[in-house]
1. Around P69, with a cut-off of 13 angstrom between Cβ atoms, what is the net charge of the other residues, counting Lys and Arg +1 and Asp and Glu -1?
2. Going from the alpha-carbon gyration tensor of the range 206-281, what semi-axes, largest first and in whole Å, does one get by taking the root of 5 times each eigenvalue?
3. The range 268-371: percent of C-alpha pairs farther apart than 22 Å?
4. Can you tell me which of P82, P280, P220 moves the most in a GNM of the chain? Springs connect C-alpha atoms under 10 Å apart.
5. For the chain, which whole percent of the accessible surface, found with a 1.4 angstrom probe, sits on carbon and sulfur atoms?
6. Kindly identify the range 99-140 as rounded, prolate or oblate by the Cα gyration tensor criterion: order the square roots of the eigenvalues as a ≥ b ≥ c, call it rounded if a/c is under 1.5, otherwise compare a/b with b/c, prolate if a/b is larger, else oblate.
7. Counting each DSSP H run of 4 or more residues in the chain as -39500 (n - 2.57), what helix-only mean residue ellipticity at 222 nm follows after dividing by all residues, to the nearest 500 deg cm²/dmol?
8. Quick check on the chain: take the gyration tensor over C-alpha atoms, sort the square-rooted eigenvalues as a ≥ b ≥ c, and tell me if it's rounded (a/c under 1.5), prolate or oblate.
Amino acid sequence: KIIYRRTQKEMPADQEEIQAALEEGIELIELATPVRILSSKDKVAGLICSKMKLKGKDDSGRPKPVKVPNSDFEIETDTIIPAFGQTPVINFIDDDKLKIKDSETGEIMLSNVFIGGDAMRGASSIIQAIADGKKVANNILKKTDHKLELPKAEKGFDHQDYHQKRARIKQGKQHKEIPVEKRNYEHLVEIPLTPEEATQEAERCLYCDEVCDICVTVCPNRANYSYKIEPFQVTLPKIVSQAGETKIIDDGTFSIKQKYQVLNIADYCNECGNCTTFCPTNGQPFQDKPRVYLSEKSFDEGEDGYFLDDKLYYRQNDSIYSLEVNGQVSIFESEDFLIILNQNDFSIIEIKFKNNSVDEISLVPAIKMSVIQEAVQNLYERKSSD
(Lines give C-alpha, C1' and ligand atoms only; values in the text may rest on other atoms or scores of the structure.)
Protein backbone atom coordinates (compact mmCIF):
# COMPACT_ATOMS: atom_id res chain seq x y z
CA LYS A 1 0.00 0.00 0.00
CA ILE A 2 1.36 3.39 -0.91
CA ILE A 3 0.07 6.87 -0.23
CA TYR A 4 1.57 9.65 -2.29
CA ARG A 5 1.90 13.00 -0.58
CA ARG A 6 3.15 15.58 -3.05
CA THR A 7 4.22 18.16 -0.50
CA GLN A 8 3.26 19.15 3.02
CA LYS A 9 1.55 22.15 1.46
CA GLU A 10 -0.54 20.41 -1.18
CA MET A 11 -1.64 17.32 0.72
CA PRO A 12 -1.18 17.82 4.46
CA ALA A 13 -2.06 15.24 7.09
CA ASP A 14 -2.58 15.42 10.84
CA GLN A 15 -0.11 13.62 13.09
CA GLU A 16 -2.65 10.94 14.06
CA GLU A 17 -3.38 10.27 10.38
CA ILE A 18 0.29 9.76 9.62
CA GLN A 19 0.71 7.51 12.66
CA ALA A 20 -2.32 5.41 11.69
CA ALA A 21 -1.02 4.96 8.13
CA LEU A 22 2.40 3.84 9.35
CA GLU A 23 0.84 1.39 11.81
CA GLU A 24 -1.14 -0.19 8.96
CA GLY A 25 1.99 -0.68 6.87
CA ILE A 26 1.39 2.14 4.42
CA GLU A 27 4.48 3.67 2.89
CA LEU A 28 4.54 7.44 2.65
CA ILE A 29 6.50 9.07 -0.13
CA GLU A 30 6.97 12.80 0.18
CA LEU A 31 8.10 15.32 -2.41
CA ALA A 32 6.83 13.30 -5.35
CA THR A 33 4.20 14.06 -7.94
CA PRO A 34 2.26 11.77 -10.33
CA VAL A 35 3.09 12.17 -14.01
CA ARG A 36 1.05 9.52 -15.82
CA ILE A 37 -0.75 6.23 -15.30
CA LEU A 38 0.45 3.04 -17.00
CA SER A 39 -2.08 0.50 -18.23
CA SER A 40 -2.00 -3.02 -19.59
CA LYS A 41 -4.98 -4.80 -21.14
CA ASP A 42 -7.30 -1.96 -20.09
CA LYS A 43 -6.22 -2.26 -16.48
CA VAL A 44 -4.03 -0.08 -14.28
CA ALA A 45 -0.48 -1.41 -14.25
CA GLY A 46 1.59 1.32 -12.67
CA LEU A 47 2.19 4.95 -11.89
CA ILE A 48 5.02 7.13 -13.19
CA CYS A 49 6.09 9.79 -10.72
CA SER A 50 8.73 12.50 -10.56
CA LYS A 51 10.74 13.54 -7.56
CA MET A 52 10.33 17.11 -6.35
CA LYS A 53 12.49 19.51 -4.37
CA LEU A 54 11.75 22.70 -2.50
CA LYS A 55 13.21 25.75 -4.18
CA GLY A 56 12.33 29.34 -3.45
CA LYS A 57 8.91 30.44 -2.24
CA ASP A 58 5.47 30.81 -3.76
CA ASP A 59 3.23 33.88 -3.59
CA SER A 60 2.12 32.99 -0.06
CA GLY A 61 5.73 32.77 1.18
CA ARG A 62 5.79 28.99 1.59
CA PRO A 63 8.52 26.74 0.10
CA LYS A 64 7.78 26.02 -3.54
CA PRO A 65 8.05 22.45 -4.92
CA VAL A 66 9.73 22.12 -8.31
CA LYS A 67 10.34 19.03 -10.42
CA VAL A 68 13.77 17.37 -10.35
CA PRO A 69 14.93 16.76 -13.98
CA ASN A 70 15.29 13.14 -15.09
CA SER A 71 13.97 11.83 -11.77
CA ASP A 72 10.98 9.80 -13.02
CA PHE A 73 10.38 6.46 -11.34
CA GLU A 74 7.71 3.77 -11.65
CA ILE A 75 5.60 2.05 -9.05
CA GLU A 76 3.68 -1.09 -9.93
CA THR A 77 0.08 -0.92 -8.82
CA ASP A 78 -3.30 -2.37 -9.69
CA THR A 79 -5.46 0.32 -8.08
CA ILE A 80 -5.13 4.10 -7.95
CA ILE A 81 -7.37 6.24 -5.77
CA PRO A 82 -7.01 9.90 -6.81
CA ALA A 83 -7.22 12.65 -4.20
CA PHE A 84 -7.59 15.92 -6.06
CA GLY A 85 -8.24 18.10 -3.05
CA GLN A 86 -11.25 19.33 -1.09
CA THR A 87 -12.83 21.70 -3.60
CA PRO A 88 -16.61 21.20 -3.69
CA VAL A 89 -18.01 19.89 -6.98
CA ILE A 90 -21.43 21.46 -7.50
CA ASN A 91 -21.99 20.68 -11.15
CA PHE A 92 -25.64 19.73 -10.76
CA ILE A 93 -26.81 23.35 -10.38
CA ASP A 94 -26.31 26.22 -12.82
CA ASP A 95 -23.93 28.87 -11.53
CA ASP A 96 -26.55 31.61 -11.75
CA LYS A 97 -28.85 29.63 -9.43
CA LEU A 98 -26.01 28.92 -6.99
CA LYS A 99 -25.72 32.58 -6.04
CA ILE A 100 -26.92 33.48 -2.54
CA LYS A 101 -30.31 35.19 -2.50
CA ASP A 102 -30.49 35.76 1.25
CA SER A 103 -27.26 35.96 3.24
CA GLU A 104 -29.19 35.77 6.52
CA THR A 105 -30.68 32.36 5.76
CA GLY A 106 -28.20 30.91 3.25
CA GLU A 107 -30.94 30.40 0.65
CA ILE A 108 -29.70 30.44 -2.95
CA MET A 109 -31.54 31.59 -6.08
CA LEU A 110 -33.18 28.16 -6.24
CA SER A 111 -36.09 28.39 -3.80
CA ASN A 112 -35.88 26.30 -0.62
CA VAL A 113 -32.29 25.29 -1.37
CA PHE A 114 -29.66 26.45 1.11
CA ILE A 115 -25.87 26.58 1.06
CA GLY A 116 -23.15 26.71 3.71
CA GLY A 117 -19.73 25.47 4.72
CA ASP A 118 -16.99 25.09 2.12
CA ALA A 119 -19.53 25.23 -0.71
CA MET A 120 -20.25 28.82 0.29
CA ARG A 121 -17.07 30.00 2.01
CA GLY A 122 -14.37 28.02 0.23
CA ALA A 123 -11.83 26.24 2.44
CA SER A 124 -12.75 27.11 6.01
CA SER A 125 -13.10 25.58 9.48
CA ILE A 126 -15.35 22.81 10.77
CA ILE A 127 -16.78 25.21 13.35
CA GLN A 128 -17.95 27.65 10.67
CA ALA A 129 -19.46 24.81 8.65
CA ILE A 130 -21.36 23.58 11.73
CA ALA A 131 -22.59 27.12 12.38
CA ASP A 132 -23.80 27.42 8.79
CA GLY A 133 -25.62 24.10 9.12
CA LYS A 134 -27.30 25.22 12.33
CA LYS A 135 -28.39 28.50 10.74
CA VAL A 136 -29.81 26.73 7.71
CA ALA A 137 -31.65 24.18 9.88
CA ASN A 138 -33.22 26.95 11.96
CA ASN A 139 -34.40 28.80 8.86
CA ILE A 140 -35.86 25.64 7.36
CA LEU A 141 -37.83 25.14 10.59
CA LYS A 142 -39.09 28.73 10.35
CA LYS A 143 -40.34 28.09 6.83
CA THR A 144 -42.34 25.11 8.04
CA ASP A 145 -43.69 26.94 11.11
CA HIS A 146 -42.32 24.08 13.19
CA LYS A 147 -41.19 25.04 16.66
CA LEU A 148 -38.36 23.06 18.16
CA GLU A 149 -38.05 23.61 21.87
CA LEU A 150 -34.56 22.68 23.01
CA PRO A 151 -33.96 21.97 26.70
CA LYS A 152 -31.88 24.60 28.47
CA ALA A 153 -29.70 23.49 31.33
CA GLU A 154 -29.36 26.01 34.12
CA LYS A 155 -25.81 25.67 35.38
CA GLY A 156 -26.07 28.14 38.22
CA PHE A 157 -22.60 29.56 37.52
CA ASP A 158 -21.61 33.13 38.21
CA HIS A 159 -18.89 35.08 36.40
CA GLN A 160 -16.16 33.89 38.75
CA ASP A 161 -17.20 30.25 38.34
CA TYR A 162 -16.78 30.49 34.57
CA HIS A 163 -13.29 31.94 34.95
CA GLN A 164 -12.25 29.32 37.49
CA LYS A 165 -13.47 26.56 35.21
CA ARG A 166 -11.45 27.97 32.32
CA ALA A 167 -8.35 28.28 34.50
CA ARG A 168 -8.17 24.53 35.15
CA ILE A 169 -6.90 22.10 32.53
CA LYS A 170 -8.82 18.85 32.36
CA GLN A 171 -7.33 16.41 29.89
CA GLY A 172 -9.61 14.75 27.38
CA LYS A 173 -10.25 11.03 27.22
CA GLN A 174 -7.61 9.07 25.34
CA HIS A 175 -9.43 7.45 22.44
CA LYS A 176 -8.96 3.73 22.02
CA GLU A 177 -8.52 1.95 18.68
CA ILE A 178 -8.98 -1.64 17.66
CA PRO A 179 -5.75 -3.61 16.97
CA VAL A 180 -4.20 -3.18 13.52
CA GLU A 181 -4.71 -6.84 12.62
CA LYS A 182 -8.46 -6.53 13.18
CA ARG A 183 -8.99 -3.41 11.10
CA ASN A 184 -11.21 -3.84 8.05
CA TYR A 185 -14.02 -2.06 6.27
CA GLU A 186 -16.69 -3.44 8.58
CA HIS A 187 -15.73 -1.85 11.88
CA LEU A 188 -14.75 1.57 13.14
CA VAL A 189 -11.06 1.86 13.89
CA GLU A 190 -11.76 4.18 16.79
CA ILE A 191 -13.80 2.63 19.57
CA PRO A 192 -16.81 4.83 20.46
CA LEU A 193 -17.03 6.35 23.93
CA THR A 194 -19.22 4.74 26.53
CA PRO A 195 -22.10 6.88 27.87
CA GLU A 196 -20.08 7.54 31.02
CA GLU A 197 -17.01 8.60 29.01
CA ALA A 198 -19.14 10.83 26.76
CA THR A 199 -20.56 12.53 29.86
CA GLN A 200 -17.05 13.13 31.20
CA GLU A 201 -16.02 14.68 27.86
CA ALA A 202 -19.08 16.94 27.87
CA GLU A 203 -18.18 18.15 31.37
CA ARG A 204 -14.96 19.61 29.96
CA CYS A 205 -17.02 22.26 28.12
CA LEU A 206 -15.91 25.81 28.92
CA TYR A 207 -19.33 27.30 28.00
CA CYS A 208 -17.89 29.76 25.53
CA ASP A 209 -21.44 30.31 24.25
CA GLU A 210 -22.27 31.94 27.59
CA VAL A 211 -19.08 33.77 28.44
CA CYS A 212 -15.74 34.00 26.65
CA ASP A 213 -13.73 36.93 28.09
CA ILE A 214 -10.47 35.65 26.59
CA CYS A 215 -9.84 39.11 25.12
CA VAL A 216 -10.29 40.52 28.63
CA THR A 217 -7.79 38.18 30.26
CA VAL A 218 -5.07 38.47 27.59
CA CYS A 219 -5.09 42.26 27.21
CA PRO A 220 -1.80 43.58 28.68
CA ASN A 221 -3.31 47.06 29.13
CA ARG A 222 -6.62 45.93 30.64
CA ALA A 223 -8.37 47.77 27.80
CA ASN A 224 -11.08 45.13 27.34
CA TYR A 225 -13.70 45.24 30.06
CA SER A 226 -16.34 42.62 30.84
CA TYR A 227 -19.76 43.70 32.06
CA LYS A 228 -23.02 41.98 32.90
CA ILE A 229 -26.44 42.68 31.43
CA GLU A 230 -29.65 40.72 31.58
CA PRO A 231 -30.50 39.26 28.15
CA PHE A 232 -33.55 40.81 26.52
CA GLN A 233 -35.39 41.22 23.25
CA VAL A 234 -37.41 44.23 22.16
CA THR A 235 -39.37 45.13 19.04
CA LEU A 236 -38.14 48.45 17.71
CA PRO A 237 -40.14 51.08 15.82
CA LYS A 238 -38.68 53.15 13.00
CA ILE A 239 -39.69 56.67 12.07
CA VAL A 240 -40.31 57.40 8.38
CA SER A 241 -41.11 60.87 7.05
CA GLN A 242 -42.56 61.14 3.55
CA ALA A 243 -44.25 64.09 1.87
CA GLY A 244 -44.63 65.87 5.19
CA GLU A 245 -46.26 62.85 6.82
CA THR A 246 -44.60 61.00 9.69
CA LYS A 247 -45.18 57.29 10.12
CA ILE A 248 -43.97 54.82 12.72
CA ILE A 249 -43.34 51.37 11.28
CA ASP A 250 -41.90 48.08 12.55
CA ASP A 251 -38.09 47.87 12.38
CA GLY A 252 -37.65 44.29 13.56
CA THR A 253 -36.26 43.12 16.88
CA PHE A 254 -33.09 43.86 18.81
CA SER A 255 -31.80 41.29 21.25
CA ILE A 256 -28.99 40.64 23.69
CA LYS A 257 -28.56 36.89 24.08
CA GLN A 258 -25.51 36.63 26.35
CA LYS A 259 -25.39 37.83 29.93
CA TYR A 260 -21.70 38.75 29.87
CA GLN A 261 -20.50 41.27 27.28
CA VAL A 262 -17.22 43.06 26.52
CA LEU A 263 -16.39 46.65 25.64
CA ASN A 264 -13.09 48.27 24.74
CA ILE A 265 -11.68 51.25 26.68
CA ALA A 266 -10.07 53.20 23.86
CA ASP A 267 -7.86 55.30 26.15
CA TYR A 268 -6.08 52.17 27.40
CA CYS A 269 -5.85 50.34 24.07
CA ASN A 270 -2.72 50.63 21.92
CA GLU A 271 -4.12 48.17 19.34
CA CYS A 272 -1.33 45.66 19.95
CA GLY A 273 -3.49 42.88 18.51
CA ASN A 274 -2.98 40.47 21.39
CA CYS A 275 -6.74 39.99 21.77
CA THR A 276 -6.98 39.21 18.05
CA THR A 277 -4.29 36.54 18.36
CA PHE A 278 -6.18 34.70 21.11
CA CYS A 279 -9.75 35.28 19.90
CA PRO A 280 -11.33 31.82 19.30
CA THR A 281 -13.73 33.23 16.70
CA ASN A 282 -11.08 35.01 14.59
CA GLY A 283 -12.45 38.37 15.67
CA GLN A 284 -10.67 41.63 16.40
CA PRO A 285 -12.04 42.61 19.82
CA PHE A 286 -10.21 45.95 19.95
CA GLN A 287 -12.14 46.93 16.81
CA ASP A 288 -15.25 44.75 16.97
CA LYS A 289 -16.31 45.55 20.54
CA PRO A 290 -18.03 48.84 21.47
CA ARG A 291 -15.35 51.47 21.99
CA VAL A 292 -15.65 53.74 25.02
CA TYR A 293 -13.62 56.91 25.65
CA LEU A 294 -12.86 58.22 29.13
CA SER A 295 -12.37 61.88 28.22
CA GLU A 296 -13.99 64.38 25.90
CA LYS A 297 -10.63 65.04 24.26
CA SER A 298 -10.02 61.40 23.37
CA PHE A 299 -13.62 61.10 22.14
CA ASP A 300 -13.20 64.10 19.83
CA GLU A 301 -9.88 62.82 18.47
CA GLY A 302 -10.80 59.13 18.24
CA GLU A 303 -12.85 56.95 15.95
CA ASP A 304 -16.53 55.99 16.33
CA GLY A 305 -17.44 55.22 19.91
CA TYR A 306 -19.05 56.35 23.17
CA PHE A 307 -18.33 58.94 25.85
CA LEU A 308 -20.19 59.44 29.12
CA ASP A 309 -20.49 62.95 30.58
CA ASP A 310 -23.75 64.42 31.86
CA LYS A 311 -25.31 62.19 29.19
CA LEU A 312 -24.01 59.47 26.89
CA TYR A 313 -22.64 60.52 23.51
CA TYR A 314 -22.19 58.23 20.53
CA ARG A 315 -20.43 59.01 17.27
CA GLN A 316 -21.25 56.83 14.26
CA ASN A 317 -20.24 57.68 10.69
CA ASP A 318 -19.76 61.40 11.49
CA SER A 319 -23.15 61.61 13.20
CA ILE A 320 -23.24 62.32 16.94
CA TYR A 321 -26.13 61.16 19.11
CA SER A 322 -26.84 61.71 22.78
CA LEU A 323 -28.95 59.75 25.22
CA GLU A 324 -30.13 61.05 28.57
CA VAL A 325 -32.16 58.91 30.96
CA ASN A 326 -34.61 60.85 33.09
CA GLY A 327 -36.68 58.57 35.26
CA GLN A 328 -38.89 56.38 33.06
CA VAL A 329 -38.07 58.21 29.83
CA SER A 330 -35.00 58.52 27.61
CA ILE A 331 -34.18 61.55 25.50
CA PHE A 332 -32.55 60.47 22.23
CA GLU A 333 -31.15 63.46 20.33
CA SER A 334 -29.04 64.46 17.33
CA GLU A 335 -28.61 67.62 15.29
CA ASP A 336 -31.64 66.54 13.24
CA PHE A 337 -34.17 65.36 15.82
CA LEU A 338 -35.17 64.92 19.47
CA ILE A 339 -37.14 61.82 20.45
CA ILE A 340 -38.57 61.00 23.86
CA LEU A 341 -38.78 57.25 24.47
CA ASN A 342 -40.30 55.01 27.09
CA GLN A 343 -37.28 53.61 28.93
CA ASN A 344 -38.92 50.23 29.49
CA ASP A 345 -40.04 49.21 26.00
CA PHE A 346 -38.56 51.94 23.75
CA SER A 347 -41.94 53.00 22.47
CA ILE A 348 -42.04 56.54 21.11
CA ILE A 349 -43.66 59.21 23.28
CA GLU A 350 -42.79 62.34 21.32
CA ILE A 351 -40.90 63.29 18.13
CA LYS A 352 -39.41 66.69 17.32
CA PHE A 353 -37.70 67.33 13.98
CA LYS A 354 -35.05 70.05 13.95
CA ASN A 355 -35.03 70.23 10.15
CA ASN A 356 -36.99 68.84 7.23
CA SER A 357 -34.15 66.84 5.68
CA VAL A 358 -34.69 63.69 7.74
CA ASP A 359 -36.40 60.86 5.84
CA GLU A 360 -35.84 57.98 8.25
CA ILE A 361 -34.77 57.54 11.88
CA SER A 362 -33.63 54.21 13.29
CA LEU A 363 -33.72 53.62 17.03
CA VAL A 364 -31.00 50.97 16.93
CA PRO A 365 -28.34 53.51 18.04
CA ALA A 366 -30.60 54.49 20.94
CA ILE A 367 -31.00 50.99 22.31
CA LYS A 368 -27.27 50.30 21.88
CA MET A 369 -26.58 53.48 23.83
CA SER A 370 -28.99 52.37 26.55
CA VAL A 371 -27.02 49.14 26.98
CA ILE A 372 -23.63 50.89 26.92
CA GLN A 373 -24.80 53.58 29.33
CA GLU A 374 -25.58 50.97 31.95
CA ALA A 375 -22.24 49.26 31.31
CA VAL A 376 -20.06 52.38 31.48
CA GLN A 377 -21.96 53.69 34.48
CA ASN A 378 -20.93 50.53 36.32
CA LEU A 379 -17.42 50.94 34.96
CA TYR A 380 -17.10 54.50 36.29
CA GLU A 381 -18.55 53.51 39.65
CA ARG A 382 -16.14 50.59 39.85
CA LYS A 383 -13.17 52.76 38.96
CA SER A 384 -14.11 55.37 41.52
CA SER A 385 -14.49 52.74 44.22
CA ASP A 386 -11.12 51.22 43.30
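1. +3
2. Value: 36, 17, 10 Å, ordered largest first.
3. Here the long-distance tail beyond 22 Å is 41 percent of all Cα pairs in the range 268-371.
4. P82
5. C and S atoms contribute 49 percent here.
6. Oblate, because a/c is 1.5 or more while a/b does not exceed b/c.
7. Using -39500 (n - 2.57) per qualifying helix, the result is -6500 deg cm²/dmol.
8. prolate
The values are calculated or read from the model by the stated rules, or taken from the named source; none is laboratory data. Computed from a predicted structure; not experimentally measured. FYI the Cβ positions are ideal-geometry reconstructions off the backbone, even for glycines, and counts take in every protein chain you see. Side chains are part of the model used for accessible areas, which takes the heavy atoms of the whole protein and leaves out ligands, DNA and RNA. Shrake-Rupley method; radii C 1.70, N 1.55, O 1.52, S 1.80 Å.
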